[in-house]
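Since the structure comes first, as structure tokens, the remarks are kept for the end.
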Amino acid sequence: MSDLKNVTDASFEQDVLQADKPVLVDFWAEWCGPCRMLTPILEELAAENPEKIEVVKVNVDENPGTAAKFGITSIPAVYAFKGGEHVQSSIGAKPKQVLEQEFADLLK
């Protein structure tokens, strides 16, 4: 089980769109092998950058409204939100170094 906060359709606005700092949202599902591979990498990013970003998870099977709102068709999908806006995306399981490069603007 992940240490990352689980966000639901009901809590997405408050937990992500109204957050004080940038939020990386991991759209995932229990049955998705690459999603499970990505979780420890995202946990590391969250632990190493607690003052810069928050990392949360949205289970697409349990929260289809949020997944549909953002057009999630492939998982894992990591979406970055800043100031209530979707600013960046990364699709697929990737090594930590690649994610750090992709989201470098948020980790400065």
Checklist entry - In segment 54-108, which residues are aliphatic (A, V, I, L, M), under 16 Å from residue 28 (Cβ atoms) and without any contact (Cβ under 8 Å) to a residue 24 or more places away in the chain? => result 68, 91
Checklist entry - Looking at this structure, is residue 97 within 14 Å of the chain's Cα centre (by Cα), among the polar types (S, T, N, Q) and modelled with pLDDT of 95 or more? => result no
Checklist entry - Among the numbered criteria (1) farther than 15 Å from residue 4 by Cβ; (2) among the aliphatic types (A, V, I, L, M); (3) out of contact with any helix residue (DSSP H, G or I) (no Cβ under 9 Å at 6 or more places or on another chain); (4) not in a helix (DSSP H, G or I), which single criterion is violated by residue 19? => result (1)
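Residues checked against (1) in contact with a His (Cβ under 7 Å, 6 or more places away or on another chain); (2) farther than 19 Å from residue 19 by Cβ:
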{"residue": "64", "(1), (2)": "no, yes"}
{"residue": "70", "(1), (2)": "yes, no"}
{"residue": "75", "(1), (2)": "no, yes"}
{"residue": "79", "(1), (2)": "yes, no"}
{"residue": "82", "(1), (2)": "no, no"}
{"residue": "88", "(1), (2)": "no, no"}
{"residue": "92", "(1), (2)": "no, yes"}
{"residue": "103", "(1), (2)": "no, no"}
Next on the checklist: I'm checking my understanding of the structure. Among residues of segment 51-62 that are of a type outside the set (A, V, I, L, M, F, W, C) and farther than 19 Å from residue 34 by Cβ, which one is surrounded by the most Cβ atoms within 10 Å (Cβ to Cβ)?
Outcome noted: 54
Checklist entry - When segment 77-98 is examined, which residues are found to be exposed (fewer than 13 other Cβ atoms within 10 Å of the Cβ), of a type in the set (S, T, N, Q) and under 17 Å from residue 66 (Cβ atoms)? => result none
Item to check | Scope segment 14-34; condition surrounded by 13 or more Cβ atoms within 10 Å (Cβ to Cβ) and more than 15 Å from residue 87 (Cβ to Cβ); matching residues | outcome: 15, 26, 27, 28, 29, 32, 34
Checklist entry - Is it true that residue 41 is modelled with pLDDT of 95 or more, within 15 Å of residue 4 (Cβ to Cβ) and among the β-branched types (Val, Ile, Thr)? => result yes
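The values are calculated or read from the model by the stated rules, or taken from the named source; none is laboratory data. In this text, all values refer to a predicted model and were calculated from it rather than measured experimentally. Virtual Cβ from ideal backbone geometry, glycine too; neighbours counted across all protein chains shown.
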